[in-house]
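> Okay, here's the structure, questions in a sec.
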Amino acid sequence: MARRSRRLAGEGHDLRPFIINLNIKLETIKHDYLVSSLENTKLRQELKMQEDIFGRELAFLDAQIKTVEIERDFDAKWLGIEMKRLQKMIDDVKSWTSLMKEKVPEAVKKEQELGKSLQAEYKSLIKENVKEAVERNGEAFSWQTCSICVTKYSTEQEHTPRILDCGHTLCLGCCRNFVKGKKLTCPFDRQEIALEGNIKNITINRYVLNFC
């Protein structure tokens, strides 16, 4: 380079442009180095920041995993307790159902027997009272006799009290007298009542018959 400088100087050339050019290249190299160094610093900072973020995310995920494990253990314990409680309820219901199957039919039977007994006692008492009232009155009450033929109702078929759809009652024998075709005309309110099959199918007034 010294020989080149002497040669250039000997040739009458000025070295200053050459030196200036070298300085510019040197400054450019320095600038590029500084820029590269700055970029490397930024990259290191970004890398550090990403490492910090990643570390925080890992810590958060680890905490979440621990929370899930704790909740899972709690849920398992709670589920076990609930299963035991429900099983006890099921066992109690089965026991109660078994007991009811034994006791309820017996209780129902007793209630039915008591009901029948009270009903029979009530009917007997009413009959006795009606009988006493009839004896005091000297004759049957009007509701004990057919208002058409004035015959006392009885269990004899033709004298059984029959209640019509309109609510009036008369004996079967008198019902026959008011039948025309398939209709029966009530002698009290003249209402026509359709007959279903035989005239004997007209409903018996059990309430009246029980006290005759």
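> Is there a residue in segment 189-197 that is farther than 20 Å from K152 by Cβ and in contact (Cβ under 8 Å) with a residue 24 or more places away in the chain?
yes
> When you go through A120, A76, A63 one by one, which is the residue that is at pLDDT 75 or above, part of a helix (DSSP H, G or I) and closer than 30 Å to F211 by Cα?
Residue meeting the stated conditions: A120.
> Any idea which of (1) under 28 Å from S124 (Cα atoms); (2) more than 52 Å from the chain's Cα centre (by Cα); (3) touching a residue at least 40 places away in the same chain (Cβ under 8 Å) is the one I202 doesn't satisfy?
(2)
> Checking the condition under 60 Å from the mean Cα position of the chain (by Cα), surrounded by 10 or more Cβ atoms within 10 Å (Cβ to Cβ) and either modelled with pLDDT of 70 or more or in a helix (DSSP H, G or I) (or both), which residue from L34, L47, L38 passes?
L47
> What are the pairs with Cβ atoms under 6 angstrom where one residue, in segment 152-177, is outside the structural domain of I202 (by TED's automatic domain parsing) and more than 12 Å from I199 (Cβ to Cβ) and the other, located anywhere, is surrounded by 13 or more Cβ atoms within 10 Å (Cβ to Cβ) and not aromatic (F, W, Y)? Sequence gap at least six, or different chains.
Every condition considered, no pair remains.
> Could you grab me the full set of residues in segment 139-184 that are at pLDDT 90 or above, of a type in the set (D, E) and part of a loop (DSSP other than H, G, I, E, B)?
E156, D165
The values are calculated or read from the model by the stated rules, or taken from the named source; none is laboratory data. Keep in mind that this is a model prediction, so the values were computed, not measured. Neighbour counts are summed over all protein chains in view; Cβ atoms, including those assigned to glycine, are modelled from backbone coordinates with ideal geometry.
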